[in-house]
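> Dumping the structure here so I can ask a few things about it.
The values are calculated or read from the model by the stated rules, or taken from the named source; none is laboratory data. Since we're looking at a predicted model, the values are computed, not measured. Ideal geometry is used to build each Cβ from the backbone, glycine not excepted, and the neighbour counts take in all protein chains shown.
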Amino acid sequence: MIVLGIDTATAMASAALVEGGKLLCEEIGSGPRPAAHSSPTDRANHHSGSLRVVSLSNHAEVLLPLIDRLLERAGLSLAGISALAVAIGPGSFTGLRIGLSTVKGLAYGWEVPVVGIPTLPAVATRVNDREGFICPCLDARKKEVYSALFRRQDDRVERLTDDLVGSPERMVESVGDLLDNGPCLFIGDGARVYANVITDRLGERCLLTLGESYPSTAAAVARLAEERIGRQEFDPVGSLVPLYLRPSEAELKRKL
């Protein structure tokens, strides 16, 4: 069974193929926000192994070319895909809509099952080289972050808190109370944007990464989907919706 994982919830759109827990290949491209925090060295590192960067301006432009390139590299067509997996949020509102609409179109066109995977567990699952506390930290704009605390032990990732949207100070306070003086890896663009806030509170107990050295979020989405597929836990395509932690600008304006 080959699962096509798709992520447009985070700042970098990605697509990946996973079979039996093994990453076959992945593609990653810039999302609706420029990858301003990545250095030339970071970008160069993306070109090694099975990962290739595609520099396009937004998720709407990126996603289908990513999928086409991915399938071409793997020598597959959509007919060879057993299931689709997609990150459902929290994350970029526009990105989530693009990802879900694309996956639904593919699912209806090719009659393949779909699994929706929450974004933050997928980001935590990207970490494959250490055990202990992991805090996905995504920039939610408006001086807020999307975050949750997880713990990786024996190759299993356990959720310790619910998803949170709030100020970085609130995130650090919530996480810091649970760390028992142990170290925590903060991963995501929010960790880079609010590095000072995190280090001011946690000092040497925090490790910060944008995630450049780890498999893509799409790869983690596909791996988590495989677990659900093994239990025959598919999502009805028509009722699959984004997971928002706060109302969109359009919803707020309608209430005025």
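> When the range 188-221 is examined, which residues are found to be of a type in the set (D, E, K, R), surrounded by fewer than 22 Cβ atoms within 10 Å (Cβ to Cβ) and in a helix (DSSP H, G or I)? Break it down into steps so the answer makes sense when it comes.
Initially, the range 188-221 is screened for residues of a type in the set (D, E, K, R), giving 189, 192, 200-201, 204-205, 212.
So of that shortlist, the ones also surrounded by fewer than 22 Cβ atoms within 10 Å (Cβ to Cβ) come out as 192, 200-201, 204-205, 212.
Within the range 188-221, Arg192, Asp200, Arg201, Glu204, Arg205 qualify.
> Counting only residues that are surrounded by fewer than 20 Cβ atoms within 10 Å (Cβ to Cβ) and without any contact (Cβ under 8 Å) to a residue 60 or more places away in the chain, which one in the range 107-128 is farthest from Gly230 (Cα to Cα)?
Applying the filter and picking the extreme gives Gly109.
> Which of the following residues is of a type in the set (D, E, K, R) and more than 16 Å from Val221 (Cβ to Cβ): Arg141, Arg126? Walk me through how you get there before you give the answer.
Numbers: Arg126 fails: more than 16 Å from Val221 (Cβ to Cβ).
That would be Arg141, the only listed residue that is of a type in the set (D, E, K, R) and more than 16 Å from Val221 (Cβ to Cβ).
> Any residue in the range 62-78 that is out of contact with any Phe, Trp or Tyr (no Cβ under 8 Å at 6 or more places or on another chain), over 21 Å from Pro136 (Cα atoms) and modelled with pLDDT under 90?
The initial filter retains those residues of the range 62-78 that are out of contact with any Phe, Trp or Tyr (no Cβ under 8 Å at 6 or more places or on another chain), namely 62-77.
Restricting the remaining residues to those that are over 21 Å from Pro136 (Cα atoms) gives 62-77.
Okay, now just the ones that are also modelled with pLDDT under 90, so 62.
Taking every residue of the range 62-78 in turn, at least one turns out to be out of contact with any Phe, Trp or Tyr (no Cβ under 8 Å at 6 or more places or on another chain), over 21 Å from Pro136 (Cα atoms) and modelled with pLDDT under 90.
> Let me ask something else about it. Just the residues that are without any contact (Cβ under 8 Å) to a residue 40 or more places away in the chain and either within 17 Å of Leu243 (Cα to Cα) or of a type in the set (Ser, Thr, Tyr) (or both), please, taken from the range 145-158. First the steps, then the outcome.
From the range 145-158, those without any contact (Cβ under 8 Å) to a residue 40 or more places away in the chain are 148-158; that's our starting set.
Within the range 145-158, Ala148 is the sole residue that qualifies.
> Go through the range 159-187 and count every residue that is of a type in the set (Gly, Ala, Ser) and either modelled with pLDDT of 95 or more or under 22 Å from Ile117 (Cα atoms) (or both).
Residues flagged as of a type in the set (Gly, Ala, Ser) and either modelled with pLDDT of 95 or more or under 22 Å from Ile117 (Cα atoms) (or both) within the range 159-187 amount to 2.
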